[in-house]
Each structure stands twice: as structure tokens, then as C-alpha cells.
Amino acid sequence: MQLHSIAENVLKTYCENFEGRPIIVRSPGRVNIIGEHTDYNEGFVLPAAIDKATYIAVGKSNNNNCTFISINYNEVFEVSLSAALAPVKDWPTYILGVVDQMIKRGYGLRGFNLMIQGDVPIGAGLSSSASVECATVFALNELFQLHIPALELIDIAQKAEHIFAGVMCGVMDQFVSILGKKDHVIKLDCRSMEYEYEPLQLKGIKIVLLNTNVKHSLASTAYNKRRNECNEGVELVKKKIPRINSLRDTTPQMLQQYVEPIDKNIYQRCRYVVEENIRLLQACESLKKGDLSSLGNAMYATHDGLSKEYEVSCKELDFLVDYVRNVPQVLGARMMGGGFGGCTINLVKEEFVEELIISTGNAYTQHIGKELTAYIASTADGASLIHY
């Protein structure tokens with residue numbers, strides 16, 4: 001069968017460096033269509049796996065040593081499984097974090113050789129790190145025939161990010177990298193971990209990601225502050241209605257009654273989250289009907305909420321969304337991710353994609369003074385073994 005060019009290169013380079021026939025695995029990056037800053041409030045998210053992925057070739061070594069080679073970075077990293085594993089700088093830490101989790105859970109790993117290459121853009125908010133973690137855990141599960149269930153693979157990958165990379169991410173990125181499905185989004189309940197697939201039929205429509213190429217230093221402190229503000233809002237409602245444990249349990253009316261009179265700022269933050277969950281459930285109904293126009297309108301509403309109520313946008317993101325807002329060939333757009341930089345996600349009619357990228361790029365450089373980077377993505381399946 002015809003291999004993807006990266007899979008072919010990973011296989012070829014593995015065979016040039018190691019003996020034996022490896023297995024090859026791919027695990028994708030992701031976009032989140034709608035449902036931002038809802039995950040840590042026990043709400044819903046609506047991600048899709050995309051056709052940009054990490055590819056890994058892996059085979060057993062004949063001792064307890066491991067060699068990792070990154071084609072992207074042209075670097076080699078070696079480690080012994082007999083020694084205690086610890087976080088390191090850059091790309092190997094995501095692989096080591098997964099190995100550490102598997103060993104601690106009692107899974108019998110022995111030495112292995114690993115070749116890695118990917119085309120998930122780094123730093124663009126498309127979850128390149130989760131893609132590496134999920135490709136690694138999926139590959140080692142296959143190589144050593146461990147029969148680990150999908151939800152535990154996801155948990156191993158998430159904990160690797162928490163403990164070795166030091167990023168306390170939600171579960172969405174790893175979840176969709178393992179369980180994504182082409183032409184579908186996953187409606188994931190971040191409280192119960194229940195999920196279902198909703199159709200995302202993008203006939204004649206492309207997902208276009210416009211990268212601001214900025215990351216403001218506000219991001220991490222603002223993220224923690226927003227989490228605290230949401231918790232404060234919950235506590236205010238809880239004083240009156242003790243059964244309330246998260247914003248997932250609250251309604252706009254409760255917020256209006258018990259939060260707004262006391263703290264308008266907290267009210268604004270909480271109202272965005274509650275309304276975003278409502279928007280997401282309505283978006284799922286739109287997808288069932290194939291109504292991408294309504295989905296697009298919801299995306300614009302989400303951006304406005306993130307910008308004006310939750311206040312995690314920035315002038316660069318706002319410029320990109322406002323620039324396309326009245327373009328009929330763009331169905332919807334919004335900032336995606338934590339905020340203060342990164343990408344906007346746009347649903348664009350296929351024939352207009354090139355023109356949009358050029359005109360938006362020119363306007364962005366003229367008004368913002370920075371270069372714009374564009375990525376075109378399609379939906380894809382989650383992690384899988386590549387047969388060859």
C-alpha cells in the first residue's frame with residue numbers, strides 16, 4: 001500500500017539506523033470547533049482530530065536501552081530503562097513521560113528503538129505535544145502487546161504531560177488524538193468522560209487556521225486567574241444553592257440572581273462559560289442537521305464572549321476574526337485555545353481559501369506589523385497502526 005510520505009521516511013530512516021522490522025503508528029493533532037475554557041469547569045468540548053500527525057516507528061532493542069531519534073530536530077537521545085527516569089528538555093520529555101507512566105503502572109517494557117517525525121505545527125495550539133504522547137503510548141502498547149484500553153492510554157498520555165512536561169492540561173487533547181474519527185467531532189463531557197461522535201460533514205469547506213505568531217506573557221497568569229474567578233462564582237451560587245458544585249450545574253438565571261449583584265466581573269466570566277456550554281449543545285443540533293451556517297454563527301458568538309466577557313483574546317486575534325466576519329465565503333471564525341495569541345479557526349469555502357489567506361495575510365502585516373502563518377486542515381481518524 002502507498003504510505004504517507006512522513007510514514008515512509010520514518011520507516012526508511014529507522015531501517016538505516018536500527019535492525020529489524022518496526023511497527024509504525026500515527027497520532028493526530030486536533031482543533032476544537034467550539035467549547036473553550038469549559039473543560040476545567042466540568043463542561044463540554046467539541047474537538048476533531050486533523051490530518052496533521054506525529055509518526056513513530058518503533059522496534060525492540062536487544063537490551064534494556066532505548067534510543068530515540070527525532071527527524072524534525074535531527075537529534076538522538078539515549079536512556080536506560082534500568083535507571084530512574086526524569087524530565088529532560090524539549091521533545092524527549094514527552095516520550096519519557098509516557099514510558100515513566102507505563103513502568104509505574106506495572107506494564108512490562110523492555111528496551112526499544114524509536115524514530116519520530118511529525119507535521120503538527122509546534123506552538124500553534126494544535127496539540128503537537130499530545131500527538132507525540134499518544135503516538136508513543138499507542139506504539140508501545142502495540143509493540144509489547146499490552147492490551148491497554150483506550151481510556152487508560154489517554155490517561156497515561158495526559159499524566160505524562162502533567163508530570164514530565166509540567167503542563168496541567170485538561171484531557172481533551174489526548175482524548176481526541178486517540179479516539180478521533182474522520183468527518184466527526186467528539187462531544188466530550190469533561191465531568192463524566194462520556195463521549196459521543198457528532199457528524200462534521202465539511203463538503204466544499206476547509207478548516208483554515210490563521211496563526212497570529214504571537215504569544216503574550218499574560219497567558220499563564222490569566223488562565224489561573226480565570227479558573228479562580230470561575231470557582232469564586234460557583235461559591236457565591238453555592239451559598240444559596242448547596243447542591244451546586246461547578247459552573248456546569250448553574251444556569252444564567254442563578255448567576256444573575258446570586259453573582260451579578262455582588263461582583264459584576266465574576267458574573268461576566270461565569271456567564272461566558274455557562275453560555276458556551278449552551279452554545280455547544282446547540283451546535284451539536286446544528287451539526288446533526290448539517291447546518292454549518294448556524295455552527296459558524298455560534299463560533300463568532302464564542303469569539304465575542306472570549307474577547308469581551310472572558311477577556312482572553314488580544315488585538316491580533318480580534319483583528320483576524322473581525323477581518324473575516326462579513327466575508328460571505330467564511331462561515332465562522334473564532335480564537336482557539338487558551339488565548340492571548342495562537343490561532344483563529346475558520347470554516348472557509350474551498351474555492352476561496354487561497355484568496356483569503358493572501359488578503360488576510362497582507363492586511364495583518366499592514367495593520368499589526370507581523371507575518372501571518374496559515375494551515376489548512378481536514379478531519380482525520382485518531383491514533384492507528386499503519387500497515388505496510
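So that you can scan it fast, the table gives a plain yes or no per residue for (1) buried (at least 20 other Cβ atoms within 10 Å of the Cβ); (2) in contact (Cβ under 8 Å) with a residue 40 or more places away in the chain; (3) of a type outside the set (Lys, Arg):
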| site | (1), (2), (3) |
| --- | --- |
| His4 | no, yes, yes |
| Lys12 | no, no, no |
| Arg21 | no, no, no |
| Val31 | yes, yes, yes |
| Glu36 | yes, yes, yes |
| Asn62 | no, yes, yes |
| Cys66 | yes, yes, yes |
| Ile71 | no, yes, yes |
**OP:** Name the single residue, out of those in segment 309-346 being of a type in the set (Ser, Thr, Tyr) and within 19 Å of Ala124 (Cβ to Cβ), that is most open to solvent (accessible area, probe 1.4 Å).
**Re:** Tyr323
Original post:
When segment 73-91 is examined, which residues are found to be open to solvent by less than 50 Å² (accessible area, probe 1.4 Å) and either assigned to a strand (DSSP E or B) or more than 24 Å from Ser5 (Cβ to Cβ) (or both)?
Top reply: Phe77, Val79, Ser80, Leu81, Leu85
**OP:** Go through the residues of segment 118-141 one by one and say whether even a single one is within 25 Å of Leu320 (Cα to Cα), modelled with pLDDT of 95 or more, assigned to a strand (DSSP E or B) and within 18 Å of the chain's Cα centre (by Cα).
**Re:** no
**OP:** Please find, within segment 81-92, the residue that is farthest from Gly118 (Cα to Cα) out of those that are in contact (Cβ under 8 Å) with a residue 24 or more places away in the chain and in contact with a Gly (Cβ under 9 Å, 6 or more places away or on another chain).
**Re:** Leu81
Subject >> Filtered residue count, segment 347-388, keeping only those that are free of Cβ contacts under 8 Å to residues at least 12 places away in the same chain, open to solvent by less than 80 Å² (accessible area, probe 1.4 Å) and not polar (S, T, N, Q) >> reply: 1
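The values are calculated or read from the model by the stated rules, or taken from the named source; none is laboratory data. Since the model is a prediction, treat every value here as computed from it, not as a measurement. Using ideal geometry, Cβ is built from the backbone for each residue, glycine included, and neighbour counts are taken over all protein chains shown. Surface accessibility is based on the protein's heavy atoms, side chains included, excluding ligands, DNA and RNA. Shrake-Rupley method; radii C 1.70, N 1.55, O 1.52, S 1.80 Å.
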